[in-house]
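The values are calculated or read from the model by the stated rules, or taken from the named source; none is laboratory data. All of these numbers come straight from a predicted model, not from anything done at the bench. No Cβ is skipped: glycine too gets one built from the backbone with ideal geometry, and neighbour counts run over all protein chains shown. These accessible areas exclude ligands, DNA and RNA; they are computed on the full protein's heavy atoms, side chains included. Shrake-Rupley method; radii C 1.70, N 1.55, O 1.52, S 1.80 Å.
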Amino acid sequence: MKKLFALLAVVLCISMLASTAVLADNVVKIGVFEPASGDSGAGGKQEMLGMQYANYETPTVEIGGETYTVELVYADNGSSTDKAPSAAQQLVSSGVSVVLGSYGSGVSIAGSQYFADANIPAIGASCTNPQVTAGNDHYFRICFLDPFQGTVLANYAYKELGARTAYSLAELGNDYDQGLATYFKQAFEALGGTVIADSFPTGTSDFTSYLTNAQMYSAEVFFCPVSIAYSTQIVQQASSQGVTFPILGGDTLDSNVVANAAKGTDVNVTITTFYQEGANPDFDNGFKAWLNSNNEYLTNNGGNDMIAAVSVMGYDTYYTALEALKAAGTTDSAAVKAALPGVTLTGVSGSIAFDEIGDAIRTSAFVKKVDNASGDWNFVTEQTVD
Amino acid sequence: MWNTVFPYLLSGISVGGQYALIAIGYTMVYGILRLINFAHGDVFMVAGIVMVYMAASGLPLWLCIVLDLVATAIIGFAIERIAYKPLRTAPRMSIMISAIGVSYTLQNLVLYITGGLNQIYPKIPWISDSITIGSATTKVVTVVTPILTILLVFALVMLINHTKVGMAMRAVSKDFETSQLMGININSVISTTFVIGSFLAGVGSTLYFTNYTTVIQTSGAMPGLKAFVAAVFGGIGSVPGAVVGAFIIGIAENLIKGLDIILFKMGLISKPMGLAIFSDAFTFALLIIILAVKPTGLFGEKSIDKV
């Protein structure tokens with residue numbers, strides 16, 4: 001009897017080994033380098049939802065004539081540049097073929113070198129700072145850049161809102177915030193306006209004095225390209241201080257969390273972003289149905305099924321990675337890296353192709369505004385820069 | 001001139017009041033245990049999170065506030081019993097490290113529960129409303145905070161100076177061993193200290209998060225640190241010192257944020273210099289200066305080494 005058990009155990013072990021071996025042959029790992037916690041946790045989760053949905057929709061990929069199952073490997077970079085390196089190393093050591101992300105340019109830059117050393121390509125979904133892709137050959141991105149976004153926002157503030165004095169507020173030490181604020185300032189001053197720029201330290205929750213500053217300078221627009229956690233504070237405090245200027249933000253503010261904060265107030269929140277809900281009904285319906293199928297997804301999306309632009313970008317990044325894997329014909333990360341510059345596809349957010357730096361060629365941004373009564377984002381215009 | 005300074009002063013007094021309520025917890029625990037309770041800022045944050053979840057469960061808001069304060073006091077009590085009491089005879093450094101451990105445990109627990117997403121604090125009627133005073137528009141809570149803080153501190157000072165528990169606290173803070181010999185149950189005195197400190201942190205969190213409505217797991221870190229600086233500034237161990245220190249830091253911090261515009265309106269500078277960046281740097285520079293000039297703080301007792 002004992003012998004029989006032993007035999008059975010051995011057989012079981014071998015079959016288990018065999019089955020994992022079979023699986024391992026056909027798995028390609030894609031790293032998800034996103035913040036699941038910290039100031040940008042809400043945005044990172046929404047971007048991840050896009051990738052998860054794409055993975056749910058297309059869980060396999062044809063590489064070199066064989067079907068591979070795609071496994072998403074998650075690493076939380078905690079929205080902070082000091083946690084990003086260990087998250088990047090975690091992905092490198094788990095042997096991913098390509099990395100997606102991150103939400104937030106600062107963490108992308110902080111993790112970049114580790115991917116470069118391991119010869120692993122990375123595709124940014126929504127990190128808009130030029131430095132992410134500049135001076136390296138492994139970081140790509142599918143979204144527009146901050147110089148472009150800053151110019152769009154400055155044009156909108158100057159021409160559409162008629163502002164001549166702008167107050168800009170960015171987080172100290174945050175590459176994304178500071179970058180976008182600088183480009184906005186350059187473009188706005190080139191148009192003939194004045195910009196008063198302030199910065200606040202990480203961890204600030206009291207923005208009343210900054211709002212007072214803007215009021216004292218009689219600013220006609222309050223530009224704050226900050227993380228979601230700060231922007232909700234700013235919107236709510238602006239409302240209780242009864243400010244009259246509109247709040248202008250970049251793609252980070254495109255979240256239902258921000259829209260909810262502005263709901264029921266009379267603060268005008270206007271932003272630029274990558275995607276406008278309704279532009280692709282097929283995607284919208286599929287994504288919403290998927291979100292509603294699981295409570296965890298809904299929670300991660302901020303409690304309702306409104307589509308954040310970063311989810312769309314996450315979705316398109318996943319397919320860009322699949323195209324690169326197909327083109328490479330192998331799961332070897334160096335080959336994927338070599339194949340990426342030639343990848344083109346038509347994503348939900350528009351057509352995607354890379355220039356020589358590794359940036360997507362994009363010429364337009366969407367401008368959206370919060371509907372204070374319903375807490376939805378309303379489409380304003382599609383802005384291009386000549 | 002007054003119209004320019006007033007809004008910053010108002011924000012400063014309000015933030016100062018909130019820092020004060022947290023600072024009292026630091027200073028009382030230090031006074032009695034000679035322990036810097038690093039977890040105190042996180043107790044403050046947990047009070048905020050508990051409130052968010054309680055309000056979401058649909059209980060009436062007044063009951064939530066009461067239950068939240070009770071829960072916060074219990075958490076403070078439990079932390080002391082679980083993490084500090086077993087180390088009573090250990091070197092002070094061990095308790096300090098235990099406190100850091102509690103701080104990280106609380107933060108990560110909240111990270112796990114909330115999934116790292118920022119929670120929006122419930123709107124408490126009346127104190128969430130906007131009012132206009134002179135040249136500033138703000139929430140009612142801004143005005144309520146300093147008044148409530150002063151009242152609570154007054155009650156606390158009364159308790160310390162005129163009750164039996166207060167007398168025991170003073171005795172324990174003067175001499176630990178001797179008070180034990182005199183028949184004081186130091187465990188209950190210490191527990192009372194933690195309950196009071198946590199309760200005040202709970203009140204502070206209600207006021208703070210009503211003003212700054214986003215709660216995440218690191219929300220307690222900055223206010224906790226500033227309150228700690230306030231406690232040291234005022235002379236750690238002294239309750240009135242902590243309150244005065246907190247108000248000074250709150251006001252100074254907000255005046256620095258507006259220093260550019262104040263100087264500009266006074267005609268001292270011709271264009272903004274971006275001084276607002278230094279608001280936090282100022283707080284910590286102040287700490288260094290105080291420690292260098294007057295190591296015991298504004299109201300600190302001179303330490304007498306017993307040989």
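I want to confirm something. Restricting to region B:89-131 and keeping residues that are hydrophobic (A, V, I, L, M, F, W, C) and in a loop (DSSP other than H, G, I, E, B), which single residue is farthest from B:T142 (Cα to Cα)?
Per the stated criteria, the residue is B:A90.
I'd like the residue in region A:174-191 that is more than 16 Å from B:I277 (Cβ to Cβ) and either in contact with a strand residue (DSSP E or B) (Cβ under 7 Å, 6 or more places away or on another chain) or hydroxyl-bearing (S, T, Y) (or both) and, out of all such residues, is nearest to the other protein chains (Cβ to nearest Cβ).
Only one residue tops the list, namely A:E189.
Go through region A:35-93 and give me each residue that's within 13 Å of another protein chain (Cβ to nearest Cβ), at negative phi and polar (S, T, N, Q).
Passing the criteria: A:S37, A:S40, A:Q46, A:N77, A:S80.
Quick one: B:T149 ticks every box in (1) open to solvent by less than 50 Å² (accessible area, probe 1.4 Å); (2) more than 30 Å from A:T212 (Cα to Cα) except a single one, so which number is it?
(2)
Which ones in region A:347-366 are within 16 Å of A:G250 (Cα to Cα) and in contact with a helix residue (DSSP H, G or I) (Cβ under 6 Å, 6 or more places away or on another chain)?
A:A365
So is B:M96 in contact (Cβ under 8 Å) with a residue 60 or more places away in the chain, within 24 Å of B:G241 (Cα to Cα) and open to solvent by 30 Å² or more (accessible area, probe 1.4 Å) or not?
yes
Go through (1) open to solvent by less than 60 Å² (accessible area, probe 1.4 Å); (2) part of a helix (DSSP H, G or I); (3) modelled with pLDDT under 85; (4) among the hydrophobic types (A, V, I, L, M, F, W, C) one by one and return the number of the condition B:I256 breaks.
(3)
Look through region B:259-272, keep the residues that are open to solvent by less than 70 Å² (accessible area, probe 1.4 Å) and over 33 Å from the mean Cα position of the chain (by Cα), and return whichever of them is nearest to the other protein chains (Cβ to nearest Cβ).
Ranking the qualifying residues of region B:259-272, first place goes to B:I269.
I need the full set of residues from region A:205-235 which are at the interface with chain B (Cβ under 7 Å from one of its Cβ atoms), in a loop (DSSP other than H, G, I, E, B) and farther than 23 Å from A:R164 by Cβ, in order please.
Those that are at the interface with chain B (Cβ under 7 Å from one of its Cβ atoms), in a loop (DSSP other than H, G, I, E, B) and farther than 23 Å from A:R164 by Cβ: A:S205, A:D206.
Can you name the condition, by its number, that A:S168 falls short on among (1) open to solvent by 50 Å² or more (accessible area, probe 1.4 Å); (2) within 14 Å of chain B (Cβ to nearest Cβ); (3) in contact with a strand residue (DSSP E or B) (Cβ under 6 Å, 6 or more places away or on another chain)?
With (1) open to solvent by 50 Å² or more (accessible area, probe 1.4 Å); (2) within 14 Å of chain B (Cβ to nearest Cβ); (3) in contact with a strand residue (DSSP E or B) (Cβ under 6 Å, 6 or more places away or on another chain) applied to A:S168, the lone miss is (1).
Kindly provide the set of residues from region B:220-242 that are open to solvent by less than 10 Å² (accessible area, probe 1.4 Å) and β-branched (V, I, T), ordered by number.
The answer is B:V229, and nothing else.
Restricting region A:192-203 to residues that are more than 7 Å from every other protein chain (Cβ to nearest Cβ) and in a loop (DSSP other than H, G, I, E, B), which is surrounded by the fewest Cβ atoms within 10 Å (Cβ to Cβ)?
A:G192
Taking region A:236-264, which residues are within 11 Å of another protein chain (Cβ to nearest Cβ), hydroxyl-bearing (S, T, Y), under 21 Å from A:A154 (Cβ atoms) and in a helix (DSSP H, G or I)?
Listed by number, the list is empty, since nothing qualifies.
Are any of the residues in region B:243-252 out of contact with any Leu (no Cβ under 9 Å at 6 or more places or on another chain), within 11 Å of chain A (Cβ to nearest Cβ), in contact (Cβ under 8 Å) with a residue 12 or more places away in the chain and surrounded by 21 or more Cβ atoms within 10 Å (Cβ to Cβ)?
Yes - at least one qualifying residue is present in region B:243-252.
Where residues in region A:251-286 are aromatic (F, W, Y) and in contact with a Ser or Thr (Cβ under 7 Å, 6 or more places away or on another chain), which of them is nearest to A:G179 (Cα to Cα)?
A:F274
I need the full set of residues from region B:206-242 which are closer than 25 Å to B:I124 by Cα and away from every other protein chain (no Cβ under 12 Å), in order please.
Within region B:206-242, B:T206, B:L207, B:A227 meet the criteria.
Which of the following residues is farther than 28 Å from B:G241 by Cα, more than 14 Å from every other protein chain (Cβ to nearest Cβ) and in a helix (DSSP H, G or I): B:L148, B:L67?
B:L67
Restricting attention to region A:54-70, which residues are loosely packed, with under 15 Cβ neighbours inside 10 Å and either touching a His at 6+ places or on another chain (Cβ under 8 Å) or not hydroxyl-bearing (S, T, Y) (or both)?
A:E57, A:P59, A:E62, A:G64, A:G65, A:E66
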